[in-house]
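Worksheet: the structure to be examined is printed underneath.
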Amino acid sequence: MNNHVAIEKSNEISGLQMFAELVTELSSSTKTNDKLQSLVDYFATAPDADKVWVIAIFSGRRPRRAVNSRLMREWCLEIIGIPDWLFTECHSTVGDFSETLALLLSEVEVINRQNENLCFYLEKFIQIEKENESVKKKFIVESWQQMNSKEKFVFNKLITGSFRVGVSQKTIVNALAKTVDLSSSVIAHRISGNWDPTTTSFHELLGESTSLADFSKPYPFYLAYAIDDVVENLGEPDLWQAEWKWDGIRGQMIKRNKELFVWSRGEELMTEKFPEYFILKDLLPDGIVLDGEIIPALDGKPLPFAVLQRRIGRKNISKKQLQEAPICFFAYDLLEYNYEDWREKPLTERRQKLEEIISSFQNKSIQISEKINFNSWDELAALRKTSRDKNSEGIMLKRKHSVYKTGRKRGDWWKWKIDPLTIDCVMVYAAKGSGRRSNLYTDYTFAVKDGEELITFTKAYSGLTDKEFAQIDYFVKRNSIEKFGPVRTVKPELVFEIAFEGIAASNRHKSGVALRFPRMNRWRKDKTVDEINTLDDLKQMLKLYGK
Amino acid sequence: MANLISFTDKGLFCEAGNFYIDPWQPVERALITHAHSDHAKYGNRFYLCHKFAKPILQLRLGHNHYQTVEWNETIFMNGVKVSFHPAGHIIGSSQIRLEYQNEVWVVSGDYKREDDGISGKFEPVKCNVFITESTFGLPIFQWKPQQEIYSDIINWITKNKENGKASILIAYSLGKSQRVLQAIKETTQTIFAHGAIYNMQQTFIDAGWKLNPVVRITPETPKELLKETVVIAPPGAEGTSWMKKFYPYSIGVCSGWMQVRGNARRRNVDAGFALSDHADWNSLITTVKETGAEKVFVTHGFQAAFSRYLNEKNVAISAEVKTQFGDEDEETNSPLEIKNEEAENV
């Protein structure tokens with residue numbers, strides 16, 4: 001888009017409308033390149049003040065919720081005059097609260113169109129947060145009366161929830177890199193950390209300045225494929241280094257120019273999320289890049305991934321969390337030392353230096369990821385079986401003389417993961433999904449047999465193809481027995497193999513167990529409901545693998 | 001007195017007249033509201049339908065004993081007075097009115113209120129008992145005027161051309177395709193179509209309809225000819241290797257379900273146009289009121305919600321009825337429908 005058109009466009013349509021169009025484009029395109037192009041076009045034409053807010057919103061810096069959704073629902077019902085239960089029906093079909101509101105309000109006449117920018121509404125949200133209900137109501141209802149459907153939708157979203165439009169921080173950064181004259185890693189650095197969209201201008205945030213050189217930049221990660229052959233074929237065991245494969249976030253820790261940067265494998269800058277690491281700014285030597293795993297650990301022992309998940313979503317981390325689930329960095333590899341690129345050196349040499357560095361100081365926020373000593377493949381296979389006890393996903397095999405390559409490569413590094421646990425069971429309840437699965441029955445509850453009874457024990461949502469989901473949806477719609485709100489009880493007929501990573505005792509579930517990462521491994525069309533596993537089988541697994 | 005229509009496991013049954021309406025199992029005598037495959041099944045001895053529906057029934061079900069009527073023409077079956085009235089859903093779609101011993105029942109079949117220029121303009125029919133569809137019986141479904149949607153489609157096609165892309169419009173071969181083709185005939189000289197749609201269009205043209213012909217895509221159609229063109233395809237073709245030929249392309253789905261973002265996102269389509277051949281929430285309510293029916297049976301769709309709403313708002317005494325029509329996905333591609341579409345293509 002050339003500048004001439006851009007100027008014309010910004011005169012015609014409001015900032016809110018541009019943002020609404022952006023969200024529509026982002027959520028309807030499935031290709032990263034299309035999303036990137038939409039963002040580039042947006043950043044080229046939108047008002048600067050709005051751009052700051054868009055960066056803020058897409059990087060998790062939204063204002064506090066000004067109005068709760070119960071009130072918004074009440075006001076909507078009042079305007080259109082439908083009963084509350086009907087709203088619930090609509091919501092369960094649409095699968096998204098903001099969209100349900102926008103669709104229900106689509107007939108509300110636009111009586112007083114205002115061409116306000118995005119920043120106007122966001123600043124208004126902050127203003128009214130502390131006001132009483134009637135002030136809030138007046139603002140919300142009047143705003144609805146000024147907007148078209150797409151605008152209503154984004155307006156509701158801005159108040160109530162997050163935009164699930166599949167835009168990563170990396171995409172935002174790349175789009176900005178095409179708009180402003182800064183490199184991606186500098187932009188990533190600038191938009192991370194503490195800044196306030198109400199007080200920061202676009203120029204302050206991303207103005208061209210040479211003060212910051214490109215020294216935060218990570219190296220591309222070297223990734224492994226899953227081993228697809230018997231390990232014996234890898235050759236002599238002593239050519240290989242074995243390590244535990246940890247279930248955290250793969251990351252790079254960088255210290256250059258006395259500053260610390262932590263990058264995730266998705267190339268998101270996550271330094272601010274983990275205050276545990278701040279001390280490493282003083283402890284690590286300057287000009288160093290480490291590859292490792294960001295993982296919660298107590299006394300050097302990793303904790304389950306769920307603990308980390310609870311941490312990532314938080315903006316403010318409580319003292320309790322810092323005590324109960326402190327984050328540690330399990331270092332795997334050394335990519336840069338003394339500002340020198342070490343990636344071409346053999347693994348053994350890199351590893352030796354890494355051990356030297358880490359052991360030169362003692363801090364619980366970093367440790368070396370231990371090597372596994374083994375003399376034969378049989379011995380290693382036996383050790384691999386104990387992975388689950390260590391909260392590990394299996395074993396990593398790295399050729400001792402391997403260099404650190406770029407991207408996913410075969411040959412020198414292999415993942416040797418443990419097989420998931422599996423159980424055969426029958427689907428008994430189905431509910432409609434949300435987002436791209438709205439109005440489609442994709443969320444299932446499964447049961448095992450206990451004598452003549454069926455006992456539910458887990459839900460699962462993933463693992464099937466879209467085609468399989470469509471077939472099951474078709475079955476559910478024709479074989480439902482009862483309806484409880486959005487949930488249908490289904491004729492117990494479809495058998496599935498559920499795979500999961502762990503099992504624990506739980507008193508929240510009738511079955512007495514809770515599974516870690518359950519998903520549908522296979523639709524067992526070859527099996528009938530008489531052939532599924534029993535509650536006793538589950539209890540046996542709990543005994544064997546439970547923690 | 002027994003109800004004039006009872007709900008049996010074979011379908012809607014009129015005992016007094018000894019016939020069924022849109023039965024889903026083979027029967028002696030079937031009255032057919034319209035030719036969609038969930039309403040017109042194979043295997044009945046005798047079919048009564050509107051004259052415009054006959055050519056399509058022949059195409060889909062082969063040679064059978066068909067009798068046709070005009071709209072508002074009266075015939076008697078075992079003393080039951082029967083007439084067909086325009087339903088506006090697709091070409092030849094009708095509501096069926098039954099009168100017996102001073103009681104009038106109307107079966108809506110599927111219907112829409114907006115006149116699309118080819119399906120006949122819907123006429124509300126006064127009755128005591130109304131059996132209505134409810135495919136889009138929730139207040140989230142409120143359609144934009146068709147002209148607005150048509151311009152959205154045309155703008156989308158123009159934009160695709162500018163970007164060097166073909167525009168693939170996904171539409172049901174019977175009904176939606178003819179409507180979309182009418183809407184976009186001005187945009188481009190030649191419109192290409194999948195075999196299922198070509199067959200349908202040709203059937204109508206052969207029957208005397210003044211519809212624009214489409215060019216059938218065959219394995220021999222050269223790829224260069226298809227660059228930046230408009231292609232109409234049935235839901236079954238979406239995501240199959242058949243589409244490779246048109247690359248680069250953009251896919252737009254024409255269906256009432258596209259009103260909800262999730263549906264468009266799930267199907268990984270580039271654009272969704274909420275163009276429906278069913279009544280939206282407000283039209284359903286208007287229609288129920290205009291029939292003056294004191295009793296309303298609600299079938300296929302959001303029957304529980306719509307029926308409850310009619311009762312609570314005292315519009316009519318209403319009950320939901322389970323049928324084998326549509327069941328929430330008349331317009332989505334159920335696996336069975338995909339099979340039908342593909343079968344037609346052979």
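Taking the stretch B:170-223 only, how many residues are of a type in the set (Gly, Ala, Ser) and either out of contact with any helix residue (DSSP H, G or I) (no Cβ under 8 Å at 6 or more places or on another chain) or assigned by TED's automatic domain parsing to the domain that holds residue B:112 (or both)? Outline the logic, then answer.
The initial filter retains those residues of the stretch B:170-223 that are of a type in the set (Gly, Ala, Ser), namely B:171, B:173, B:175, B:177, B:183, B:193, B:195-196, B:207-208.
Add one more test, that the residue is either out of contact with any helix residue (DSSP H, G or I) (no Cβ under 8 Å at 6 or more places or on another chain) or assigned by TED's automatic domain parsing to the domain that holds residue B:112 (or both), and what stays is B:175, B:208.
Of the residues in that region, 2 qualify.
Using the structure shown, decide if residue A:449 is outside the structural domain of residue A:511 (by TED's automatic domain parsing) and either of a type in the set (Asp, Glu) or over 30 Å from residue B:264 (Cα atoms) (or both).
no
Here is a yes/no grid of residues against (1) more than 30 Å from residue B:265 (Cβ to Cβ); (2) of a type in the set (A, V, I, L, M, F, W, C):
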site: A:389; (1), (2): yes, no
site: A:404; (1), (2): yes, no
site: A:418; (1), (2): yes, yes
site: A:425; (1), (2): no, yes
site: A:443; (1), (2): no, no
site: A:449; (1), (2): yes, no
site: A:454; (1), (2): yes, yes
site: A:476; (1), (2): no, yes
site: A:482; (1), (2): no, no
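Provide a single number: the residues in the stretch A:510-547 that are closer than 26 Å to residue A:466 by Cα and among the polar types (S, T, N, Q).
2
In this structure, is residue A:165 within 12 Å of another protein chain (Cβ to nearest Cβ), at pLDDT below 90 and part of a loop (DSSP other than H, G, I, E, B)?
Yes; evaluated as a whole, the condition is true for this residue.
From the set of residues in the stretch B:17-37 that are surrounded by fewer than 23 Cβ atoms within 10 Å (Cβ to Cβ) and out of contact with any strand residue (DSSP E or B) (no Cβ under 8 Å at 6 or more places or on another chain), which is nearest to residue B:7 (Cα to Cα)?
Here the residue is B:26.
If you go through the stretch A:258-274 one residue at a time, how many are over 16 Å from the mean Cα position of the chain (by Cα) and closer than 19 Å to residue A:191 by Cβ?
Counting residues in the stretch A:258-274 that are over 16 Å from the mean Cα position of the chain (by Cα) and closer than 19 Å to residue A:191 by Cβ gives 7.
Of all residues being within 14 Å of another protein chain (Cβ to nearest Cβ) and part of a strand (DSSP E or B) in the stretch B:239-255, which is farthest from residue B:150 (Cα to Cα)? Just the residue, please. So that I can check it myself, show each step before the final result.
First pass over the stretch B:239-255, keeping only residues within 14 Å of another protein chain (Cβ to nearest Cβ): B:239-240, B:247-253, B:255.
Imposing the further condition that a residue be part of a strand (DSSP E or B) reduces the set to B:249-253.
On the way: B:249: 19, B:250: 17, B:251: 16, B:252: 12, B:253: 13 Å.
Only one residue tops the list, namely B:249.
Just the residues that are of a type in the set (A, V, I, L, M, F, W, C) and either assigned to a strand (DSSP E or B) or at the interface with chain A (Cβ under 9 Å from one of its Cβ atoms) (or both), please, taken from the stretch B:256-307.
Of the stretch B:256-307, the ones of a type in the set (A, V, I, L, M, F, W, C) are B:257-258, B:260, B:264, B:269, B:271, B:273-275, B:279, B:281, B:284-285, B:288, B:293, B:296-298, B:302, B:304-306.
Those that are of a type in the set (A, V, I, L, M, F, W, C) and either assigned to a strand (DSSP E or B) or at the interface with chain A (Cβ under 9 Å from one of its Cβ atoms) (or both): B:257, B:260, B:264, B:269, B:271, B:273, B:296, B:297, B:298, B:302, B:304, B:305.
Please find, within the stretch B:306-345, the residue that is surrounded by the fewest Cβ atoms within 10 Å (Cβ to Cβ) out of those that are at pLDDT 85 or above and either of a type in the set (Val, Ile, Thr) or out of contact with any helix residue (DSSP H, G or I) (no Cβ under 8 Å at 6 or more places or on another chain) (or both).
Per the criteria, the residue is B:314.
The values are calculated or read from the model by the stated rules, or taken from the named source; none is laboratory data. A quick note: this is a predicted structure, and the numbers were derived from the prediction, not measured. Every residue, glycine among them, receives a Cβ derived from its backbone with ideal geometry; neighbour counts consider all protein chains shown.
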